[in-house]
1. Can you tell me how many residues within region 563-595 are under 25 Å from ASP189 (Cα atoms), surrounded by fewer than 23 Cβ atoms within 10 Å (Cβ to Cβ) and in contact with a strand residue (DSSP E or B) (Cβ under 6 Å, 6 or more places away or on another chain)?
2. On the basis of being within 22 Å of the chain's Cα centre (by Cα), under 18 Å from CYS75 (Cβ atoms), assigned to a strand (DSSP E or B) and aliphatic (A, V, I, L, M), does VAL481 make the cut?
3. Among the candidates ALA577, ALA546, single out the residue that is assigned to a helix (DSSP H, G or I) and not basic (Lys, Arg).
4. Which one of these is surrounded by 20 or more Cβ atoms within 10 Å (Cβ to Cβ), free of Cβ contacts under 8 Å to residues at least 60 places away in the same chain, on the phi < 0 side of the Ramachandran plot and not hydroxyl-bearing (Ser, Thr, Tyr): LEU297, LEU200, LEU275, LEU214?
5. Here are some conditions: (1) among the hydrophobic types (A, V, I, L, M, F, W, C); (2) part of a loop (DSSP other than H, G, I, E, B); (3) within 16 Å of the ligand (Cβ to nearest atom). LEU393 meets all but one. Which one does it not meet?
6. Filter region 53-74 for residues that are in contact with a strand residue (DSSP E or B) (Cβ under 9 Å, 6 or more places away or on another chain) and in a helix (DSSP H, G or I) and give the result.
7. Here is a check on your reading of the model: is LEU399 of a type outside the set (D, E, K, R), within 15 Å of the ligand (Cβ to nearest atom) and touching a strand residue (DSSP E or B) at 6+ places or on another chain (Cβ under 6 Å)?
8. Any idea how many residues of region 505-516 are of a type in the set (A, V, I, L, M, F, W, C) and either within 9 Å of the ligand (Cβ to nearest atom) or in contact with a Pro (Cβ under 6 Å, 6 or more places away or on another chain) (or both)?
Amino acid sequence: MTTPAGIASILQEHRVFPPPADLASRLGGAVVGSMEDLRAMHRRALDDPEGFWGGLAREHLHWFTPFSKVLEWSCPDARWFVGGTTNACFNCVDRHVEAGHGDEVAILWEGEPVGAGGPEVRRLTYGDLQRETSRLANALASLGVRTGDVVTIYMGMVPEVVIAMLACARLGAAHSVIFGGFSAPAIVDRVNDAGSRVILTCDGAWRRGSVVPLKAHVDEACRSLPEVGQVIVLRRCGNEVSTTAGRDLDWHALVASQPDHRPCVPMDSEATLFLLYTSGSTGKPKGIVHSTAGYGLHVAFTARATFNLRPDRGQVFWCTADVGWITGHSYVVYGILPNRVPCLIYEGAPNFTREDRFWEIVARHRVTHFYTAPTAIRAFMKWGDAHPARHDLSSLMVLGSVGEPINPEAWMWYRERIGGGRCPIVDTFWQTETGGHVITPLPCATPTVPGSCTLPIPGIDAAVVDESGRELPPGRGGLLVIRRPWPGMLRGVRGDRQRFIDTYWSRVPGMYVAGDAARRDERGYFWILGRIDDVINVSGHRLGTAEVESALVAHEAVVEAAVVGMPHEIKGTGIAAFVTLGPGASPSEALKSNLREHVAREIGAIAKPDMIRFTGALPKTRSGKIMRRLLRDVAAGRESAQDVTTLEDFSVLSRLRESEEA
Ligand code: WT7
């Protein structure tokens, strides 16, 4: 990757970037305006967590019934805002309508296709959202969806996907959104685990000028899902779809006849708002459970603090994540709408019709907040400076990064070429399980350092500890933990209590173990060093190596497979697969591409291996464990520093190195 002129020297200075002096006034006032305020807030939060979070809960959420107690904690079980009732859709939509803001824009949407008159743009107000979520909630209720059911949503990035999520919340049903890039078998696993009987989908989704046939994927999945009684299909792309009578319903026809009024159901604070499936160390994705009030508060509060959101100041917030991931749940929908700042949603690819589409959108809609992943930033760098330079990006005030460690080179490029040197970068560390941000700079308070996610959000007791839970001194790498409960924390893994305990709460008793290694520097800033489990972060998307392995061994030619992460210029981490073939199969380029397609069919395109090596045997210890660290070294082209005395067959290693690359 090339370094833009002048930036390499800056990197060697280890520069610290203080918040720009005029930022607070441009943002309409600082939410947290200085390090002193941030430290004081954090101290207050740790001294009196109930006072701190209780106060925020009253400020940020609407309560049908006030809570009587802030927290009941019996590790690992937290109950926040005990006895209270609230509704996530009400907090996002209805309260703004009731306060007289019904005509203000809530969602600003731009479609991918570009016609003669430019792309299609839709503006939905809070009033529109109230009517549309009511109609859809009425429709779902008429199909027998009840409070406590789980509705599966498998759609593209159209305004209706947000309406679908909020309609479920309105009704008190939980949703389970499946990313539109996942394939039919992935849908089957998730729908089965969630026990959904209703799926909301689209005919297709626009992606780089072509149509991803979502409905066809659902049809294929439904052949293995006898429990699914209804599939509601939104027409978006106009591609041909087959219709199963009695099961498939047309979205528009269904909602057209429904009344546009339906009150939000008061939900217990702890009622499940949604499930979101994410990858872990085993082959089976886990359904992370999030609560109504705690999650709702955490994301509304962190969205306001991390991005310094202010209503009525012309702010336009754009998070480029798909709602199929936690970033989309928290910072497209549930964190942004309560703050009454318009949320921009773009339907398609960043390089359609050209590599400057994002910058065209920023300029067209005067975007003030832009939030994306390092993998995208690295792609923009590669596409060249000319693309952002062609557009007026002067509306931007705060830039965000999320999903994976950001390399200082990409950080500097983002700051200079996109932010014009005037916008702070908030590098937000968090996870599907944390619900919202846990470690991040605040734009008007925290001096930033390229590559560090800096300091915990007030109230988050994050630390770097050794295996016994002892805090480590600056400079020492260890386990990233959170030592106290926080409102947005996961409430469990759907249907698997033991996995919840084993994964997060067993390694260091009494603490939440994030699964990342980290260290702190002399200022106390956190530096994330990477995952400590068999989870890899590909383009900011989490994948379990075991999932890819089981997809590979499901192929008839494959006997055994081991998958590890490897450095990748754009994706951050790429996927390397070491594959042992059965007697009937022989290595070939054709088989490699065949295996890649097979993985795409089993999981989705994001899981396609970047490199496949065929090998006669995999390196194993005497007890039969695959030596993954060694494979990681081979995949990265490093000489292995690892002790190989336990290798069962020494020659395997040298043969792996010799085996030809994909
Ligand atoms: C894992 C969580 C958070 C939403 C998107 C990903 C990595 C996330 C950062 C960051 C370094 C990061 C961690 C984490 N990660 N943000 N700012 N710096 N690493 O959510 O799919 O649940 O993945 O992403 O490894 O554990 P997720």
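1. The total comes to 1.
2. Working: within 22 Å of the chain's Cα centre (by Cα): yes; under 18 Å from CYS75 (Cβ atoms): yes; assigned to a strand (DSSP E or B): yes; aliphatic (A, V, I, L, M): yes.
Answer is yes for this residue.
3. Numbers: ALA577 fails: assigned to a helix (DSSP H, G or I).
Within the list ALA577, ALA546, the selection yields ALA546.
4. Values: LEU297 fails: free of Cβ contacts under 8 Å to residues at least 60 places away in the same chain; LEU275 fails: free of Cβ contacts under 8 Å to residues at least 60 places away in the same chain; LEU214 fails: free of Cβ contacts under 8 Å to residues at least 60 places away in the same chain.
Exactly one residue qualifies, and that residue is LEU200.
5. Result: LEU393 passes all but (3).
6. Answer for region 53-74, where residues must be in contact with a strand residue (DSSP E or B) (Cβ under 9 Å, 6 or more places away or on another chain) and in a helix (DSSP H, G or I): TRP53, GLY54, ALA57.
7. Details: of a type outside the set (D, E, K, R): yes; within 15 Å of the ligand (Cβ to nearest atom): yes; touching a strand residue (DSSP E or B) at 6+ places or on another chain (Cβ under 6 Å): yes.
Taking the combined requirement at face value, the residue satisfies it.
8. Keep residues of region 505-516 that are of a type in the set (A, V, I, L, M, F, W, C), which gives 505, 508, 511, 513-514.
Within this subset, residues satisfying the condition of being either within 9 Å of the ligand (Cβ to nearest atom) or in contact with a Pro (Cβ under 6 Å, 6 or more places away or on another chain) (or both) are 505, 514.
Matching residues across region 505-516 total 2.
The values are calculated or read from the model by the stated rules, or taken from the named source; none is laboratory data. Since the model is a prediction, treat every value here as computed from it, not as a measurement. Note that each Cβ is placed from the backbone with ideal geometry, even for glycine, and that neighbours are counted across all protein chains shown.
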